[in-house]
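Working notes, beginning with the structure itself.
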Protein chains: 2
Amino acid sequence: MSGFWDGQPELTRRLEEVRSAIREKARSDDSEVQASVSQLLESNGKMLRPAFVILASQFGAPDADRINRIAAAIEMLHMATLAHDDIIDSASLRRGVATLYAVRGPRTAVLVGDWLFAVCFSLVADVATVEDSRAMSRIVARICGSEVSQSAERHCVSTSVRRYLRRIAGKTAALFALSFHVGAYESGCSPDVCSRLRRFGYCLGMGFQIIDDVLDIDGLESMTGKPAGQDLADGVYTLPTVFALRNDDGRLAAALSRRPRSRRALASTAALIRERDGIRQALEMAQLYTERSLREISGLPPGDARTVLENVADSLLHRTR
Amino acid sequence: MSGFWDGQPELTRRLEEVRSAIREKARSDDSEVQASVSQLLESNGKMLRPAFVILASQFGAPDADRINRIAAAIEMLHMATLAHDDIIDSASLRRGVATLYAVRGPRTAVLVGDWLFAVCFSLVADVATVEDSRAMSRIVARICGSEVSQSAERHCVSTSVRRYLRRIAGKTAALFALSFHVGAYESGCSPDVCSRLRRFGYCLGMGFQIIDDVLDIDGLESMTGKPAGQDLADGVYTLPTVFALRNDDGRLAAALSRRPRSRRALASTAALIRERDGIRQALEMAQLYTERSLREISGLPPGDARTVLENVADSLLHRTR
């Protein structure tokens, strides 16, 4: 979704600085790291998390250079999880682009992910406050914990809405919340503004991940850049599937137990989910989270920064890829 | 090398507490994490790094509980690198025990390694000083950087002694140095004692890794628990090989370029290294580092703690596995 920030020339320029900061960090290292980091940056369209850091900082009095470095650290953390996720999922494509894992193999994907984790931590330790440095460490533990449970719960049809929500809270919403929090906190925002922005990020992240999971089942490959039904093929049951299983006469459960892998099997499983109202109910929940996120920021001072956030929440909810 | 700390009942007891602290951290998580962490702990004989933290703390006024937690964090960092190293090396055995990677596959090895990294960071952020927390982040970046260069330099016969030393400094000595440093620093030792212990750790780590690399080429499988020549098979040229290549008539370089993999080819390559004086020169350098390490601690107050360190330096130099 390059072009996501097209209406925001200043933000686009800042995000380019963040990319340069990441490339710069990689330049000091080995050529394999450099090439891999460039590859990851290219397949990284929206740069949502660093954009969130920058947008949140605009509610305070930001030191642009410091905020850029924190934004870079957060994006590197995200890139690290992507590099490792692709090994875990044996994924060959991400958003239509070949993954690092597919191009350079598991060895490089492990190493580059670790390198990104480490550089992210040392960057945070150098520039952020102790509190944020601690928060960051906890978030990483939480993201990894959620990945572990997602992996452990594969092929388990008895998963619940509650468990799904907990998993995506750890996997996605926690880092969205942190991005907004650090941007605000490191620019001297008041505790009230920090916690509103953090809660906004959390709800936005929940809605974002639900939509992501809906698009995986119901999206068009031509738009999302990856074959539909990847989660189903991996045995990862997301919200639409969990809702659909509640209305199931046994046919969806039976289809899942046959572990669909072919395009045809995946398409017919997706149809069963749609017929059982899984897509609609999931979209409804994404809508609820988006509304909650908007309520959170309605208490913030009006102005450009708030308007941008309102538009972001809306675009992420209505996206098709 | 279980039994390495047999003469030290108090230290053995403390290391058992460190193991329990690590198991406790894993218990709060998923069963896959628990089982994997137990497996890693079992194959982890000497627990050198946490022992170093505890030994160094005895030069100050340690808070045992806090030191145990820092020691646990450092061991978890080491375990994380092992879990990921085994993926990178596609290693099925480590010290005679099946690796996590071999038993549970790359997916779990990636996840558990990440989980260990993250928990380690959050533990450090919670209990250590800001300075040590920062130092730790930098060390991890350095360890990962060294792994990347080791991976990039595979099959490169033009590697130099200097490059080898830089690599093992990042891969091993930096974490040995940090273990001694944090143990001392967090127990309120003077800057002089901290830096002596840190330099002791550094030299000890250099000597330790050289011996490890010698044993890989010249050790008995029955003692080391892994087939000899693993590094040669992976194209990782360590100090004995680098020294031997300096005295080579072309036969060693030719043998390496054929990428030895069979037991027979590895044994004859090892013989070429031995004949070209690679083993002896490497052992000599390990000896030099050990002597330097002993000089560093000769300035510390005499007593039990110092005597133990002297014995450790000696046992690590003369070990056969």
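To the nearest 10 degrees, how steeply does helix B:64-88 sit against the main Cα axis of chain B, on a 0 to 90 scale?
30 degrees
What whole number of Å gives the distance from the Cα centroid of the stretch B:1-79 to the Cα centroid of the stretch A:128-199?
The stretch A:128-199 and the stretch B:1-79 have Cα centres spaced 29 Å from each other.
Which distances in nm, rounded to one decimal and ordered from shortest, link the label point of A:SER315 to the equivalent label points in the other identical copies, with labels set 7 Å from Cα toward Cβ?
Here the equivalent label points are 6.2 nm apart from this one.
At 0.36 nm per residue, minus the direct Cα-Cα distance, what do B:ARG274 and B:ARG166 gain on full extension? Give it in nm, one decimal, please. Before the final figure, lay out each step's value.
Working: separation 108, 0.36 × 108 = 38.88 nm, distance 2.34 nm.
Computed gain between B:ARG274 and B:ARG166 is 36.5 nm.
If a/c stays under 1.5 just call it rounded; otherwise compare a/b with b/c (prolate if a/b is bigger, oblate if not). Do that for the stretch B:1-56, with a ≥ b ≥ c from the square roots of the Cα gyration tensor eigenvalues.
Details: a/c = 2.73, a/b = 1.92, b/c = 1.42.
Prolate, because a/c is 1.5 or more and a/b exceeds b/c.
Tilt of helix A:278-298 relative to the longest C-alpha principal axis of chain A, in degrees (0 to 90, nearest 10)?
Helix A:278-298 and the main axis of chain A meet at about 20 degrees.
So the label point sits 7 Å from Cα along the Cα-to-Cβ vector; using that for A:GLU24, what distances do you get to the other copies, in nanometres, sorted shortest first?
A:GLU24 label point versus its equivalents elsewhere: 4.3 nm.
Neighbour counts of other C-beta atoms within 10 Å: give me A:CYS120, A:CYS156 arranged from fewest to most.
On the way: A:CYS120 25, A:CYS156 12.
Result, fewest neighbours first: A:CYS156, A:CYS120.
Any chance you could check the Cα centroid distance between the stretch A:252-319 and the stretch B:290-321 for me, in angstrom?
Computed from Cα coordinates, the inter-centre distance equals 61 Å.
Figure the gain on full extension for A:ASP63 and A:SER190 (residue separation times 0.36 nm, minus the Cα-Cα span) and round it to one decimal in nm.
Details: separation 127, 0.36 × 127 = 45.72 nm, distance 1.62 nm.
Net length gain for the segment: 44.1 nm.
222 nm [θ] for the protein assembly as shown, helices only, -39500 (n - 2.57) per DSSP H run of 4+, per residue, to 500?
Details: 32 runs with 474 residues, N = 642.
When only DSSP H runs of four or more count, the value is -24000 deg cm²/dmol.
Would you list A:SER268, B:SER31 from fewest to most Cβ contacts within 10 Å? Let's see the in-between values first.
Details: A:SER268 14, B:SER31 11.
Least crowded to most crowded, the residues run B:SER31, A:SER268.
Considering only the label points, 7 Å along Cα→Cβ from Cα, what distances in nm to one decimal separate B:GLU275 from the same position in each other copy, shortest first?
Sorted ascending, the copy-to-copy spacings read 7.5 nm.
Can you put B:ASP304, B:ASP63 in order of Cβ neighbours within 10 angstrom, beginning with the fewest?
Details: B:ASP304 11, B:ASP63 14.
By the 10 Å Cβ count, ascending: B:ASP304, B:ASP63.
Which ³J(HN,Hα) values, rounded to whole Hz and listed in residue order, are derived for the stretch B:168-181 from phi using the Karplus coefficients 6.51, -1.76 and 1.60 in 6.51 cos²θ - 1.76 cosθ + 1.60 with θ = phi - 60°, glycine and proline given as x?
The phi angles translate into 6, 4, x, 6, 10, 5, 4, 6, 4, 4, 4, 4, 5, 4 Hz.
Angle check, please: helix B:130-152 long axis (alpha carbons) against the longest principal axis of chain B (alpha carbons), in degrees 0 to 90, nearest 10.
Its long axis makes an angle of about 10 degrees.
Among the trypsin sites (Lys or Arg not before Pro) in the stretch B:248-304, which ones are in a DSSP loop with at most 10 other Cβ atoms within 10 Å of the Cβ? Mind listing them?
Qualifying residues, ordered by number: B:ARG258.
Since every read-out is calculated from the coordinates, none of them should be taken as a lab result. Computed from a predicted model, the values in this text were never measured in an experiment. Note that each Cβ is placed from the backbone with ideal geometry, even for glycine, and that neighbours are counted across all protein chains shown.
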